[in-house]
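Here is the structure we will look at.
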Amino acid sequence: MSQLAHFVMLLFLGVHAAPIADTILNSIVTNCPLDTARPSPFCVAQIEALFAMEHLTRKRQPKDITLKLLKAVRDAYMGHQQLETALAASRQLAQLAPDDHILAAENKKYILWLEKASEPLSRGEAVLPKLHDCPTQKRCRQIINAALLHQQLRMEGGRVRTHPGFVGTLGMGLVTDQDVKPGELLLVVPKHFAFYRNDTDGFGEDVLWAADLDRVERFAVRILMAWKDPKWKRWKDCATSLWEGNTPEVLDVPATWTAEQLQILQHVNPYAAAWAKILTAGWKATFTQVAKSLSKIVPDEVLTLEHWLWACVYALTRAEIDMLLPYVEFMNHSPDGEVAHTSLTGEHYIAATRHYAKGEQVFFQYYPPPGELVYGLITWGVVWE
């Protein structure tokens with residue numbers, strides 16, 4: 001990459017990542033009592049993500065805020081006996097705190113103790129962790145990868161008035177970055193920025209055999225094919241943020257439950273339990289039938305039953321009838337949520353049906369009511385009140 005292109009990319013990332021950093025900081029200020037208690041793992045994840053965004057954009061928060069954040073994660077690392085990471089935070093805090101700052105004297109004691117407790121590190125025999133690399137929290141990687149996918153969408157022609165972020169117990173969601181009036185566009189996703197159920201392009205291989213699969217299984221094929229396509233790297237990184245290595249994260253829906261859990265569900269809702277068993281059995285049977293064909297279009301690393309079941313569940317929980325929109329999938333469901341439309345040019349867009357204040361979460365209607373109870377349980381593993 002030329003110096004000019006590198007500069008332009010950094011400038012672009014700085015402009016568009018800044019609102020995401022603000023969203024993360026607002027969430028920290030709202031949900032994390034930094035002055036009164038050791039932050040929770042959820043808060044540590046967001047602080048690490050904020051440091052990662054700062055490193056990416058080269059834009060720093062005011063020093064007094066950074067000092068509070070460093071002290072908070074240092075104390076959290078100490079509480080979890082993550083001494084090397086605590087030492088990294090302490091040394092970074094020492095570089096920023098003036099000698100007469102109240103934190104400086106306190107922090108010197110921490111450094112002395114941590115250097116003794118982590119003696120090889122203090123002698124330079126190992127490399128201290130970098131806080132902007134999300135050293136302790138997988139959720140931090142999820143936040144950063146979501147931000148990178150957001151940037152890719154913009155760079156490829158998408159238009160958005162929202163940002164990804166954590167929204168309490170619902171996990172990841174989309175929130176507005178400005179006030180939005182009814183009728184105004186919340187987001188526009190280009191035609192090429194989506195998975196389609198009926199695509200038959202298999203990187204030079206014939207995948208017409210997938211036409212015989214059901215809707216979820218066709219999407220599963222498309223999802224696993226993305227591992228081979230650089231275009232979908234940021235989406236893949238986002239989708240696998242919570243994995244341990246190459247081991248898929250278990251998505252908590254009845255189709256992934258153990259026999260014991262399904263037995264309990266059988267007593268509560270026999271129909272839901274039977275539906276879950278049928279889904280899982282069908283997906284396993286299909287994998288046996290298509291594994292040879294799949295081997296021509298997906299990497300060996302994901303050509304396993306475990307990955308196939310994960311892809312099926314991922315499609316079940318996130319895909320609409322004919323398409324899966326990678327950015328829209330961040331949105332949480334509400335029966336009163338927004339819906340996606342397709343323009344004559346093939347773009348997918350969501351227009352606001354009501355007024356949204358800046359920072360408000362935008363919900364998506366994955367399916368219309370009625371049918372909330374069983375469908376919500378099977379599809380997302382939740383029971384609506």
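The values are calculated or read from the model by the stated rules, or taken from the named source; none is laboratory data. None of these values were measured; they are calculated from a predicted model. So basically every Cβ, Gly included, is an ideal-geometry build from the backbone, and we count neighbours across all protein chains shown. When the accessible area is computed, the model is the full protein with side chains, heavy atoms only, and any ligands, DNA or RNA have been set aside. Shrake-Rupley method; radii C 1.70, N 1.55, O 1.52, S 1.80 Å.
Can you say whether T286 is open to solvent by less than 20 Å² (accessible area, probe 1.4 Å) and at pLDDT 95 or above, as far as the supplied structure shows? Talk me through it step by step, then tell me what you get.
Working: open to solvent by less than 20 Å² (accessible area, probe 1.4 Å): yes; at pLDDT 95 or above: yes.
For T286, the condition - open to solvent by less than 20 Å² (accessible area, probe 1.4 Å) and at pLDDT 95 or above - is met.
Looking at the stretch 300-323 only, could you name the residues that are modelled with pLDDT of 90 or more and surrounded by 14 or more Cβ atoms within 10 Å (Cβ to Cβ)? Spell out the reasoning first.
Going residue by residue through the stretch 300-323, those that are modelled with pLDDT of 90 or more are 300-315.
Within the stretch 300-323, V302, L303, T304, H307, W308, L309, W310, A311, C312, V313, Y314, A315 meet the criteria.
Here is a list of conditions, (1) closer than 24 Å to I223 by Cβ; (2) open to solvent by 60 Å² or more (accessible area, probe 1.4 Å); (3) more than 22 Å from the chain's Cα centre (by Cα); (4) modelled with pLDDT under 90, and I297 meets all of them except one; can you say which number that is?
(2)
Just the residues that are surrounded by fewer than 19 Cβ atoms within 10 Å (Cβ to Cβ) and in contact with an Asp or Glu (Cβ under 8 Å, 6 or more places away or on another chain), please, taken from the stretch 241-261.
Passing the criteria: L242, W243, N246, T247.
Within the stretch 187-203, does at least one residue satisfy the condition of being open to solvent by 50 Å² or more (accessible area, probe 1.4 Å) and assigned to a helix (DSSP H, G or I)?
Within the stretch 187-203, not a single residue is open to solvent by 50 Å² or more (accessible area, probe 1.4 Å) and assigned to a helix (DSSP H, G or I).
Scan the stretch 337-359 for residues that are surrounded by 16 or more Cβ atoms within 10 Å (Cβ to Cβ) and in a loop (DSSP other than H, G, I, E, B) and jot them down.
A340, E347, A352, G359 - these are the residues of the stretch 337-359 that are surrounded by 16 or more Cβ atoms within 10 Å (Cβ to Cβ) and in a loop (DSSP other than H, G, I, E, B).
Can you pull out the residues in the stretch 114-137 that are modelled with pLDDT of 85 or more and open to solvent by 60 Å² or more (accessible area, probe 1.4 Å)? Write out each step before concluding.
Of the residues in the stretch 114-137, the ones modelled with pLDDT of 85 or more are 114, 129-137.
Of everything in the stretch 114-137, those that are modelled with pLDDT of 85 or more and open to solvent by 60 Å² or more (accessible area, probe 1.4 Å) turn out to be K130, D133.
Filter the stretch 324-361 down to residues that are over 15 Å from L174 (Cβ atoms) and either under 16 Å from the mean Cα position of the chain (by Cα) or modelled with pLDDT under 90 (or both), then give me how many there are.
Residues in the stretch 324-361 being over 15 Å from L174 (Cβ atoms) and either under 16 Å from the mean Cα position of the chain (by Cα) or modelled with pLDDT under 90 (or both): 3 in total.
Looking at P230, P182, can you tell me which residue is assigned by the TED database to the domain that holds A351 and either open to solvent by 60 Å² or more (accessible area, probe 1.4 Å) or modelled with pLDDT under 90 (or both)?
Details: P230 fails: assigned by the TED database to the domain that holds A351.
Of P230, P182, the one residue that is assigned by the TED database to the domain that holds A351 and either open to solvent by 60 Å² or more (accessible area, probe 1.4 Å) or modelled with pLDDT under 90 (or both) is P182.
Identify, please: which residue in the stretch 68-83 is at pLDDT below 90 and touching a helix residue (DSSP H, G or I) at 6+ places or on another chain (Cβ under 6 Å) and is, among those, surrounded by the most Cβ atoms within 10 Å (Cβ to Cβ)?
M78
For T169, only one of the following conditions fails: (1) at pLDDT below 90; (2) open to solvent by less than 50 Å² (accessible area, probe 1.4 Å); (3) farther than 17 Å from L324 by Cα. What is its number?
(2)
Just to be sure before I move on: is L265 open to solvent by less than 40 Å² (accessible area, probe 1.4 Å) and either touching a residue at least 40 places away in the same chain (Cβ under 8 Å) or touching a Ser or Thr at 6+ places or on another chain (Cβ under 6 Å) (or both) in the structure I sent?
Numbers: open to solvent by less than 40 Å² (accessible area, probe 1.4 Å): yes; either touching a residue at least 40 places away in the same chain (Cβ under 8 Å) or touching a Ser or Thr at 6+ places or on another chain (Cβ under 6 Å) (or both): no.
No.
Determine, yes or no, whether K277 is among the basic types (K, R), surrounded by fewer than 21 Cβ atoms within 10 Å (Cβ to Cβ) and touching a residue at least 60 places away in the same chain (Cβ under 8 Å). Can you show your working first?
Numbers: among the basic types (K, R): yes; surrounded by fewer than 21 Cβ atoms within 10 Å (Cβ to Cβ): yes; touching a residue at least 60 places away in the same chain (Cβ under 8 Å): no.
No.
Does the stretch 324-336 contain any residue that is open to solvent by 20 Å² or more (accessible area, probe 1.4 Å), more than 23 Å from S241 (Cβ to Cβ) and free of Cβ contacts under 8 Å to residues at least 12 places away in the same chain?
no
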